[in-house]
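Novice: Here it is: the structure, laid out below.
Each reported figure results from applying straightforward, stated rules to the coordinates on display, with no laboratory input. Worth saying up front: this structure is predicted, and the values here are computed from it rather than measured. Cβ coordinates were reconstructed from backbone atoms using ideal geometry, including for glycine residues, and neighbour counts include every protein chain displayed.
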Amino acid sequence: MLTQPEASGLQPAIGVNPSRRALLRGAGLLILSRPLRASSEPTPLSVRDHGARGDGRAKDTAAIQSAIDVAAPGGVVFFPPGDYLSGTLRLRSRLVLQLAAGASLVASPDDEDFDRYVLREKSFADRETADFTFTLLQGRHVQHVDIIGPGRIDGNRRSRGGPKLIALKQCRHITIRGLTLENAPNYNISLLGCDHVDIRSVAIRNGYSDGIDPDCCRHVRIAGCRVECRDDAVALKSSLALGVRRSTEYVVVTDCDLVNIRNGLKIGTESSGVFTNIVFRNCTLSGRAEIWDPPPFDIRPFPSAGVSIQNVDGGQLEQVVVSGITMRNVRAPIFVRLGERGRGQIVPKAGQLTKIKIFDLVATGAEWTSPIMGVPGHNVSDIALSNIRISGKGGGDAARLSRPVPERKHEYPDAARFRNLPAYGLYCRHVTRLRVERTALTVDAPDPRPALVLDDVRDVTVKSLMATAPSGAAPVAWLRSTQDCLLHDIRSPEAHTLAWISGAETARVRVVAGAGSPHLMVIDPDVDSTALRTGEASAPW
C-alpha cells in the first residue's frame, strides 16, 4: 500500500518499489478521499470593497453591480450594515445576495436611475403587470439565485407609481427569504414565467401596490410571510405578458398573515392561461390593524374580498383547495367569479372555472355577501364548501329582494360590483354541482334578506346549514330556477319560513327538515307541484 508521501510523488519508503499502475491508482484514491478545503468556497464579496459607501446619500448602483458581476458562481454578494442607495441592479445566475441586519438596499428617488419600461406589444396587461425592467432588483433568465435577509429593501416612495422592488422574468430556482420589504410603489415581488420559487419569512410593509404576484409561474411556495399593502396581498395571474398562454400551477400559499385593501388571497384577474393545483391554507386575513399601534397604514376602506377566485379572460381554472383560513373585517369573505372580460380575445368568451374546495374557513365582521357566480350559458362547477362560519354585520335592504342582479359579465371582476345582493350570506348563480355542508351564516343586526339564494343552480346539496332568521317575511333559503336540489337540516329556530321555491325551470327539489328547521315553504304558482318533495330527518345531519 502506498503511503501519502509516495502518492504525492515524494521519495518512496525504503524497500518499496511501486509500479506505475499502483502509483496512479493510489493517487486517484487520495484525490477522491481528500476533503475540500474551507478556502475552496467563494469568499463573500462585500459591496463596500467595490466602492459602495452605504451612507444613504451617495448612489451605490455601480459599486453594487460591480460586486454582482465579478462574484464567482455560487458566490455571496454581502451588504454590511448601512443604507445603500441604488437604481436598477441586474442579477446573475448562481448568486446569493445577502443583506445583513442593519443593511438596507434603498431605491433611488430618481426614476432616471432605473431601466425604462419595456412592454411587449399585445400583452393585454397593464404596465405594472407586464413590465419587468423598471425595477430595483431585476432578473432575466437567471437560475439558482438567493435573495436573503435579515436586512431590508426600501422602495423609498410615498405613493403608488414607481419601480418594483424585485422583478424576475423567466427565472428558475429562486429563493427569497428572511427579508423586509417596505414602501414599494409598485409590486413588491413580481414573478413572470418563473419556476421553482421559494418565498419564506418575508415581511412586506406599507406597500402601495400588490404584495407577491406569481404570473405564469409553476412550483411556487409562499410560506410564513406577512404582507401589509394597499392592494392585493398575494395575487396569482395567468396573463399574456410573455406573448403566449402559460399556466400557473402547483402554487402553495401557507401560514401567511395578510393585511390589505383589496383582496387577500387572489387568483386572477389576468386569466388567459391555465390555473391548476393551487393551495391556500392556514392564513389569517385582516381588514383592520387594531393590534398595531399605530396601524401600518391607513387601510380604509377595508378589503373587498378575502379569498377571490376569478377567471374572466377565457382561460381554465381548476383544482383549487382553500383551507384553514381566518378573516376579520373583510367585506366579502368569498368571491368566486367566472366572467367574460375577454382580454386577448377577439370575441370575449367565458372559459372554465371548476373543482374548487373551500373548507375550515371562519370570517367575522363581513359587510357584503359572498357570491359564487358564472354567466348565462357558462356555469361554474364542482364547488364544495364545508365547515364555513361567516358572521356578517347585517342591516341589509329588503328592496334587494325585488331588484334583478345585473350580470356585469364584461366588467372588471371585483366583489365591490356585487355588494348589494338579495342574500346576506351566500348568493350562488349559474352554478352546477354545488355542495354546502356544515355551514353557519349569521348576522349581528337584523337583516330582511335570506341567508342563502340559489339562482339557476343545478345539482346542489345543502346539508346542516345554521342561519340567523331573516327579519320580516323572507325565508332562510330562496331557490329560483333550481334543479336537482337537496335541502337537508336547515336550522334557524326563529325563522317563520324555510324556503321560497320559484321559477318555472325549478324541478326535482327535495327538502328534509331537521330539528330546529322551520317547516313553512312558499311555492311560486309557476313551479310544478311535482317538483317538490319533503321529508323528516331522524336526527340533525
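Novice: About the Cα centre, and with charges only on the beta carbon of Lys, Arg (+1) and Asp, Glu (-1), how big is the dipole of region 154-234? Nearest 20 debye, please. Display every interim value, and only then the final one.
Specialist: Numbers: 13 positive and 10 negative charges, 31 e Å.
So the magnitude is around 140 debye.
Novice: List the relative contact order of the chain as a percent without decimals, with contacts defined as Cα pairs under 8 Å and 6+ residues apart. Working shown, then result.
Specialist: Values: 1707 pairs, mean separation 32.4, N = 541.
It comes to 6 percent, rounded to a whole number.
Novice: Using unit Cβ charges (K, R positive; D, E negative) and no other charged atoms, how large, in debye to the nearest 20, is the dipole of region 336-541 about its Cα centre?
Specialist: Around 600 debye, computed over region 336-541.
Novice: If one computes the Cα centroid of region 391-449 and of region 151-198, what distance in Å separates the two points?
Specialist: So the two Cα centres are separated by 36 Å.
Novice: Compute, for the chain, the length of the dipole vector about the Cα centre, with Cβ point charges of +1 (Lys, Arg) and -1 (Asp, Glu) only. Units Debye, rounded to 20.
Specialist: 1160 debye
Novice: Filter the cross-link list Lys237/Lys463; Lys164/Lys409; Lys266/Lys349; Lys237/Lys409 down to pairs whose alpha-carbon distance in this structure exceeds 26 Å.
Specialist: Long pairs (Cα-Cα over 26 Å): Lys237/Lys463; Lys164/Lys409.
Novice: Please name whichever of Ile189, Ile176, Ile148 sits farthest to the positive end of the charge dipole of region 127-192, dipole taken about the Cα centre and charges placed at Cβ: Lys and Arg +1, Asp and Glu -1.
Specialist: Ile189
Novice: Gain in length, His219 to Ala399, computed as 0.36 nm per residue apart minus the alpha-carbon separation, to one decimal in nm?
Specialist: So the extension gain works out to 60.1 nm.
Novice: Work out how much length Arg508 to Ala62 would gain on full extension: take 0.36 nm times their residue separation and subtract the Cα-Cα distance, in nm to one decimal.
Specialist: Additional length available on full extension: 153.3 nm.
Novice: Considering the values [x] 1.22; [y] 1.01; [z] 0.95, which represents Cα Rg over 2.2 N^0.38 Å as calculated for the structure under consideration?
Specialist: Computed from these coordinates, Cα Rg over 2.2 N^0.38 Å corresponds to label [x].
Novice: Would you mind classifying region 336-541 by shape? Square roots of the alpha carbon gyration tensor eigenvalues, ordered a ≥ b ≥ c; an a/c under 1.5 is rounded, otherwise it is prolate if a/b is larger than b/c and oblate if not.
Specialist: Values: a/c = 1.59, a/b = 1.36, b/c = 1.17.
It is prolate, given that a/c is not under 1.5 and a/b is the larger ratio.
Novice: Could I ask something else about it? Sort Glu318, Glu407 so that the residue with the fewest other Cβ atoms within 10 Å of its own Cβ comes first and the one with the most comes last.
Specialist: By the 10 Å Cβ count, ascending: Glu407, Glu318.
Novice: Could I ask something else about it? Could you work out the helix-only [θ] at 222 nm for the chain, with each DSSP H run of four or more residues adding -39,500 (n - 2.57) and the total divided by the number of residues, to the nearest 500 deg cm²/dmol?
Specialist: Calculated from helices alone, the mean residue ellipticity at 222 nm is -1500 deg cm²/dmol.
Novice: By per-residue mean of other Cβ atoms within 10 Å, what is the highest-first order of 145-151, 306-312?
Specialist: Taking the mean over residues of other Cβ atoms within 10 Å, the ranking is 306-312, 145-151.
Novice: Taking the Cα centre of the chain as the origin and placing charges on Cβ (Lys, Arg +1; Asp, Glu -1), which of Ser123, Leu361, Thr439 is farthest toward the positive end of the dipole?
Specialist: Ser123
Novice: Give me the aspartates and glutamates in straight-line cross-link reach of Lys393: C-alpha distance below 13 Å, same-chain residues under 8 apart excluded.
Specialist: Candidates past the 8-residue exclusion: Glu367, Asp444, Asp447.
Novice: Could I ask something else about it? What number comes out for the charge environment of Ala332, summing +1 per Lys or Arg and -1 per Asp or Glu over other residues with Cβ under 10 Å away?
Specialist: The answer is 0.
Novice: To continue, here is another question. May I ask for the distance between the Cα centers of region 220-293 and region 87-132, given as a whole number of Å?
Specialist: 20 Å
Novice: Next question. Return the FRET efficiency for the residue pair Thr461, Val347: r is the Cβ-Cβ distance, R0 is 35 Å, and the value is rounded to the nearest 0.05. Walk me through the numbers on the way to the answer.
Specialist: Working: r = 35 Å, r/R0 = 1.01.
With a Förster radius of 35 Å, E is 0.50.
Novice: For the ranges 272-278, 399-405, 239-245, what's the packing order if you count other beta-carbon atoms within 10 Å of each residue, average per peptide, and put the highest first?
Specialist: Result, highest mean first: 272-278, 239-245, 399-405.
Novice: Then there is this: Below 8 Å, C-alpha to C-alpha, sequence gap of six or more: please give me the relative contact order for region 336-541 in percent. Write down the numbers at each step before the final one.
Specialist: On the way: 595 pairs, mean separation 31.1, N = 206.
Normalised by residue count, the contact order of region 336-541 is 15 percent.
Novice: For a test of the definition: using alpha carbon positions, the gyration tensor, and the 1.5 limit on a/c, classify region 301-366 as rounded, prolate or oblate. Intermediate values should be presented prior to the final figure.
Specialist: Numbers: a/c = 4.40, a/b = 1.78, b/c = 2.47.
It comes out oblate by the Cα gyration axes.
Novice: Here is a further query. All other residues with a Cβ under 13 Å from the Cβ of Val234 taken together, and with Lys, Arg as +1 and Asp, Glu as -1, what is their net charge?
Specialist: -2
Novice: Lys/Arg Cβ at +1, Asp/Glu Cβ at -1, dipole of the chain taken about the Cα centre: which of Ala167, Ala473, Leu285 is farthest positive-ward?
Specialist: The one lying farthest along the dipole's positive direction is Ala167.
Novice: Now a separate question. Given labels modelled 7 Å from the Cα in the Cβ direction, how far is it in nm from Val252 to Ala384?
Specialist: Rounded to a tenth, the inter-label distance reads 2.0 nm.
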